[in-house]
Amino acid sequence: MVALSHTDLTGGEAIESVMAAIGERARAAAGQMALASTEAKNGALVAAAAAIRRDCDAILAANRRDIEAVKGRLSDSMIDRLALDAKRVEGIAKGLEEVAALPDPVGTSLAHWTRPNGLDIERVRVPLGVIGVIYESRPNVTADAGALCLKAGNAAILRGGSESTHSSRAIHACLVEGAVAAGLPADAIQIVPTSDRAAVGVMLGMAGVIDVIVPRGGRSLVERVMNEARMPVFAHLEGLCHVYVDRDADLEMARTIVLNAKMRRVSVCGAAETLLVDSAIADRALKPILAALIEAGCEVRGDAAVLKADMRAVPATEADWTTEYLEPIISARVVDGVEGAIRHINHYGSHHTDSIVTGNEATAERFLNEIDSGIVLVNASTQFADGGEFGMGAEIGISTGKMHARGPVGVEQLTSYKYKVRGRGQVRP
């Protein structure tokens, strides 16, 4: 593969030419990857993890270049999404090894039956083919997306954000090294060699080359991909996540969960953006929960009941109920029981991740059944919205759509299936 820097590409024709070449190589690699052995795929991931550990200093140096370039342009929380340290690099390496340890989905028999006419029919998992991934800021997505696509027998075309250009390329080089060491094609995981947004437009038009596009980023990116893509999209819409504190909640548990859901990492898509409290316990529950949030550095934007409970809160506007802050800010309101919470979440939410804190099993089951989101939790923080936390090794994103994949998109979700039909000369009358 020819190594190009983003400065090598100028003009629409050059970008289209390079993207066409990337697509051609990806399709050829996809054919080889579909037949790759489990041992080769696992070996590639383990070798890539070793390369990442070996190149930790170089990856961190590349990351420092990225951070220096965005200082003064991005908020602290967005820089946190971009930043790497030795612990996070080790987490990336471990993530690759965890994906390697997962069962190989390719070739798995999903169903098997025999028809009265003797036809033997089997439904088996197969790779999707070429997967395009367009993402912003977080360099670890380069490793997560590349690893999951490879494990599922696909070829990947990765287009990271301009903010993480150097970090993503350093990580990508380790993935390619691992693939080659295991005898897999170097083109199994390619990275778009330009930060020019024109390349995104070209990718979205590569129907017949790219089988599925996965956008991972803010609303504007996802909406552009959904509007312009000429191939299926695994939509990762914004994480407008809620925590509802029910009348039967343990209030200390509720305080702990809300604080973690909002403040553990405010910049991740699983961070809670709205707090809902049952009116039946508002006089007891609001004060300690709001105090914990505010004292942890979180701004609270609330309704009249919230403002009354803590004078440090500020009035919420209608826009607050539909805002993914990704900052230490939370909107809060009092609702009329679980019915009011369900109504609010299904109206304002993004169908990403929502949690209830309650000691009432019937109320919990109602919440689980009636909330229309990819991930619904009981008595747990929304920050568990993560493929790794689900035991999936990693995730390529959290799909908020309903077709094919929903919730964390891991190895199995990056496959499709086909029918293998075996006969003995049957013809249809």
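Key figures for this structure:
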read-out	value
Only one of T256, T194 that is crowded, with 18+ Cβ neighbours inside 10 Å and either farther than 23 Å from M33 by Cβ or in the same structural domain as E370 (by TED's automatic domain parsing) (or both)	T194
Given (1) over 24 Å from E273 (Cβ atoms); (2) among the small types (G, A, S); (3) in contact (Cβ under 8 Å) with a residue 60 or more places away in the chain; (4) not assigned by TED's automatic domain parsing to the domain that holds L275, number of the condition S399 does not satisfy	(1)
The one condition in (1) closer than 23 Å to H236 by Cβ; (2) of a type in the set (D, E, K, R); (3) in contact with a helix residue (DSSP H, G or I) (Cβ under 8 Å, 6 or more places away or on another chain) that D278 fails to fulfil	(1)
Close pairs from the stretch 12-23: first crowded, with 19+ Cβ neighbours inside 10 Å, partner in a helix (DSSP H, G or I) and at pLDDT 90 or above, Cβ under 7 Å, at least 6 apart	I15/A198; I15/A199; I15/V202; M19/A199; M19/V202; M19/M203
Extreme residue, farthest from A362 (Cα to Cα), among residues of the stretch 220-274 that are in contact with a Cys (Cβ under 8 Å, 6 or more places away or on another chain) and charged (D, E, K, R)	E238
Breaking point among (1) surrounded by fewer than 18 Cβ atoms within 10 Å (Cβ to Cβ); (2) closer than 30 Å to L377 by Cβ; (3) out of contact with any Pro (no Cβ under 9 Å at 6 or more places or on another chain); (4) at pLDDT below 95, for M226	(3)
Residue match in the stretch 57-75 (condition: among the hydroxyl-bearing types (S, T, Y) and closer than 26 Å to Q32 by Cα)	no
Evaluation of P193 against (1) farther than 24 Å from E98 by Cβ; (2) out of contact with any Leu (no Cβ under 8 Å at 6 or more places or on another chain); (3) not hydrophobic (A, V, I, L, M, F, W, C) (one fails), failing number	(2)
Scope the stretch 393-427; condition under 23 Å from V46 (Cβ atoms), assigned to a loop (DSSP other than H, G, I, E, B) and touching a His at 6+ places or on another chain (Cβ under 9 Å); matching residues	I396, V409
Pair list, Cβ under 7 Å, 6 or more apart: the stretch 310-328 residue within 10 Å of T274 (Cα to Cα), other residue part of a loop (DSSP other than H, G, I, E, B) and aliphatic (A, V, I, L, M)	T322/L240; E324/L240
Members of the stretch 379-399 that are within 11 Å of the chain's Cα centre (by Cα) and surrounded by fewer than 23 Cβ atoms within 10 Å (Cβ to Cβ)	D386, G388
Within the stretch 315-339, considering residues that are out of contact with any helix residue (DSSP H, G or I) (no Cβ under 8 Å at 6 or more places or on another chain) and more than 23 Å from R265 (Cβ to Cβ), the one surrounded by the fewest Cβ atoms within 10 Å (Cβ to Cβ)	E318
Unique match (being more than 21 Å from C56 (Cα to Cα), crowded, with 24+ Cβ neighbours inside 10 Å and under 19 Å from the mean Cα position of the chain (by Cα)) among A188, A156, A147	A156
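One line per residue, one yes/no per condition, for (1) buried (at least 18 other Cβ atoms within 10 Å of the Cβ); (2) in contact (Cβ under 8 Å) with a residue 12 or more places away in the chain:
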position: L102; (1), (2): yes, yes
position: P116; (1), (2): no, no
position: L119; (1), (2): no, yes
position: E122; (1), (2): no, yes
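The values are calculated or read from the model by the stated rules, or taken from the named source; none is laboratory data. Only a predicted model underlies this, so the values are computations on that prediction, with no experimental measurement involved. Methodologically, a virtual Cβ is constructed for each residue, glycine included, from the backbone with ideal geometry; neighbour enumeration extends over all protein chains shown.
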